[in-house]
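Asker: Just passing along the structure, written as structure tokens.
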Amino acid sequence: MEKKNRVDQARFICRRCGVVAHADRNASRNIAARGEAAWIARRESRVPATP
């Protein structure tokens with residue numbers, strides 16, 4: 001996370017792509033995306049398929 005993206009306590013402005021969002025909403029989206037990725041990773045089988 002780039003600290004310069006937080007203009008103030010409530011605003012998030014991405015310096016790379018220009019997205020403007022409420023900081024808490026942006027954080028909740030990031031947390032949800034990481035949770036979904038972890039959920040999917042656990043559902044994927046790591047056991048080789050038997051022929």
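The values are calculated or read from the model by the stated rules, or taken from the named source; none is laboratory data. What you see is a predicted model; the values in this text were computed from it and never measured. Glycine also receives a Cβ, built like all others from the backbone with ideal geometry; neighbour counts cover every protein chain displayed. The accessibility values were calculated without ligands, DNA or RNA, using every heavy atom of the protein model including side chains. Shrake-Rupley method; radii C 1.70, N 1.55, O 1.52, S 1.80 Å.
Asker: Being touching a His at 6+ places or on another chain (Cβ under 8 Å), of a type outside the set (A, V, I, L, M) and either in contact (Cβ under 8 Å) with a residue 60 or more places away in the chain or open to solvent by 80 Å² or more (accessible area, probe 1.4 Å) (or both) narrows it down to one residue among Arg25, Arg15, Arg11; which is it?
Answerer: Every option except Arg11 fails the conditions.
Asker: Could you tell me whether Asn30 is part of a helix (DSSP H, G or I) and in contact with a strand residue (DSSP E or B) (Cβ under 8 Å, 6 or more places away or on another chain)?
Answerer: No: the conditions fail for Asn30.
Asker: Identify, please: which residue in the stretch 28-51 is open to solvent by less than 100 Å² (accessible area, probe 1.4 Å) and among the polar types (S, T, N, Q) and is, among those, modelled with the highest pLDDT?
Answerer: Among them, the one singled out is Ser28.
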